[in-house]
1. Any residue in the range 203-231 that's touching a residue at least 40 places away in the same chain (Cβ under 8 Å): show its pairings with residues that are crowded, with 16+ Cβ neighbours inside 10 Å and of a type in the set (Lys, Arg) at Cβ separation under 7 Å, as long as the two are six or more apart or on different chains.
2. Would a scan of the range 81-98 turn up a residue that is touching a residue at least 60 places away in the same chain (Cβ under 8 Å), open to solvent by less than 50 Å² (accessible area, probe 1.4 Å), closer than 21 Å to ILE138 by Cβ and of a type outside the set (Asp, Glu)?
3. For the range 195-234, how many residues are open to solvent by 50 Å² or more (accessible area, probe 1.4 Å) and either aliphatic (A, V, I, L, M) or farther than 30 Å from GLU372 by Cβ (or both)?
4. Criterion first (open to solvent by less than 60 Å² (accessible area, probe 1.4 Å), among the aromatic types (Phe, Trp, Tyr), in contact (Cβ under 8 Å) with a residue 40 or more places away in the chain and not in a helix (DSSP H, G or I)) does TYR343 satisfy it?
5. What about SER190, is it closer than 25 Å to PHE283 by Cα, open to solvent by 90 Å² or more (accessible area, probe 1.4 Å), among the hydroxyl-bearing types (Ser, Thr, Tyr) and modelled with pLDDT under 80?
6. Just to be sure before I move on: is LEU317 closer than 22 Å to PHE200 by Cβ, without any contact (Cβ under 8 Å) to a residue 60 or more places away in the chain and part of a helix (DSSP H, G or I) in the structure I sent?
7. Go through the range 333-350 and count every residue that is under 17 Å from ARG310 (Cβ atoms), under 31 Å from the mean Cα position of the chain (by Cα) and hydrophobic (A, V, I, L, M, F, W, C).
8. Need pairs with beta-carbon distance below 8 Å; first residue surrounded by 10 or more Cβ atoms within 10 Å (Cβ to Cβ) and within the range 146-175, second assigned to a helix (DSSP H, G or I); sequence gap 6+ or separate chains.
Amino acid sequence: MDSVNRHDVTPSKTRLARAFANVLHIGAMAGRNRRLKSQDKFKNEVQKVENCIPDRAAIEALLAKLFANISAIKAAYALMQHAQSPYDPDFILSADEMIVSELKNLSELKQSYLEYQFDDRSPDTTRVLAEIKEQKSIVTTYEIMGDKLDSQLKLKDSEIIFLKEKLDEVNKENNLLEKKLSLIDNFHLSKLSINNFTLFFRKTIKTIWSFVALFCREMEYAGWDLDAAALSIQRDTIFSKPNDKYYAFESFVCQEMFDDFNDPYFSVYNESMTEQTKRSNVFFFNKFLELRSVITADYLARKQKSTFARFCRSKYLKLINPEMEISLFGNLDHRNLLNSDEYPKTHFFYTFSEMAKHIWLLHCLAFSFSPEASVFQVRKGCRFSDVYMESVNREETFFMSNGSSETELHVGFTVIPGFRVGKSVVQCQIYLC
C-alpha cells in the first residue's frame, strides 16, 4: 500500500509542477506582450507630439516675425505723431490703418503659435524676411525722429537769433543808460531833474529783478511750492500766466525794502547828526555821489556801523526771517554774522546788498530834491490810471478787456512803487486783475 502510494504521488507532483511552469511562462509572455504594446502606444503618442512641436529654427523664425511686427507698430505710431504737427488728416488716417493692420498680424501670429501652424516657407527664409521688415521699420522710426529733431533745432536757432537781437537791444539801452547816469557826477545840485531820478530808478529796478530771480531759485532748490507761496503773499489773486507768480515775490521784496522810504534815514537814525543835517538836500546829494562809485562789499567791511550798513542789516533781517533762512540755507550763518556787525561773503548776500545799495542811493537822490521826492503805491481794487500806473501784464490785460477801452480794469496789487517828484510822477508798476 505504501509503495503504491509513493508510486502514485510522485508523477502527480511532477505534472503539477509542469503545469504551474506553463502558467508562469504564459503569464510572462502575456505581460511581455502587454509591455510591448504599451511601449509601442507610448512611442506613437510621443511621435504625434513631436510631429506637432516645431523645431528650434521654426521658433526663431516666429520670434523674428514677432519682433518685426512690434517694430512696424512703433514705426506706424511714430508716423501718426509726426502727422499731427503740422496736422495732416490723410497722413493720420493712413498711419492709423497701418497700426490696425499690424495689430491684426500680431493677433494672427498668436493664433499660429497656439495651433502650431507656421509659415510654409523655410525658417531661414522667414527669419531673413522678418529681419528685413524690422530694419525698414527701425529706419522709418529714426527718420521721423530725425525730422522732429531738425524741426526743434530750427526752432531753437530761431529763438537764439531772436534772443540775441533782444540782448543787443538791451545792451544798447544799458550803454545809453550808463552814459546818461555818468552825467550825474558832473551835475550841480541845481541841475538835478526828474529825468535823472527816472533813469536811476530804472537801474534800481534791474537790481531788484536780479535779487528776486535768485531768491526764487533758492526757494525752488529748497523744495518750496512757489505757486502756494505766491498766493500766500497776494491772496485771492488769479495770475494770467504761470510765471506771473514772480510778480508777487517782487511785490513782497519791494514792500519790505521801500518801507519807511519817506523817512530821511529809513528810520535808521544816527544820533550824532543834527536835525538840520538830516534834512539837507546838499548832504544827501553828496552822499549819493560818494556811495554810487564804491564797491558795496568793501564799503560794508570798512564802515560796518555806517548808516547804510545799518540799513542793509535791518532790511535783510526783516526780509529774510529765521525760519526762511534755515529753510533756504540750513543754518542761521547770515543772521549770526549780521548780528555781530559782520557781513556774509556769499553770492546771495552780495546780490541783496547790491539791491539795497541802489535803493539807498535812490533814497539819497529823492532827498536831494527840494521838496524831496516821496514814494507811493496803490491799493488793491483801485481803478487803473495811465497817469499813475504802468501795467506789468499789459498784453494779458488787453485780452481781458477784449480790446475795449471802455472795460474798467482794477489793480490786483502794486509790484514796484511809484514816486512823486515835485509836480511830476514816476509811475508805479502794478498787476491788473
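The values are calculated or read from the model by the stated rules, or taken from the named source; none is laboratory data. Remember, it's a predicted structure, so these values are computed and weren't measured experimentally. Heads up, the Cβs are rebuilt from the backbone with ideal geometry, glycines too, and the neighbour counts pull from every protein chain shown. In case anyone asks, the SASA skips ligands and DNA or RNA and just uses the protein heavy atoms, side chains included. Shrake-Rupley method; radii C 1.70, N 1.55, O 1.52, S 1.80 Å.
1. Pairs that qualify, where the first residue is touching a residue at least 40 places away in the same chain (Cβ under 8 Å) and the partner is crowded, with 16+ Cβ neighbours inside 10 Å and of a type in the set (Lys, Arg): there are none.
2. No, every residue in the range 81-98 fails to be touching a residue at least 60 places away in the same chain (Cβ under 8 Å), open to solvent by less than 50 Å² (accessible area, probe 1.4 Å), closer than 21 Å to ILE138 by Cβ and of a type outside the set (Asp, Glu).
3. Selection size over the range 195-234: 11.
4. In short, yes.
5. Spelling it out, SER190 is indeed closer than 25 Å to PHE283 by Cα, open to solvent by 90 Å² or more (accessible area, probe 1.4 Å), among the hydroxyl-bearing types (Ser, Thr, Tyr) and modelled with pLDDT under 80.
6. On the way: closer than 22 Å to PHE200 by Cβ: no; without any contact (Cβ under 8 Å) to a residue 60 or more places away in the chain: yes; part of a helix (DSSP H, G or I): yes.
Judged against the criteria, LEU317 is not a match.
7. Matching residues across the range 333-350 total 1.
8. Correct list of pairs: ASP147/HIS82; LYS148/HIS82.
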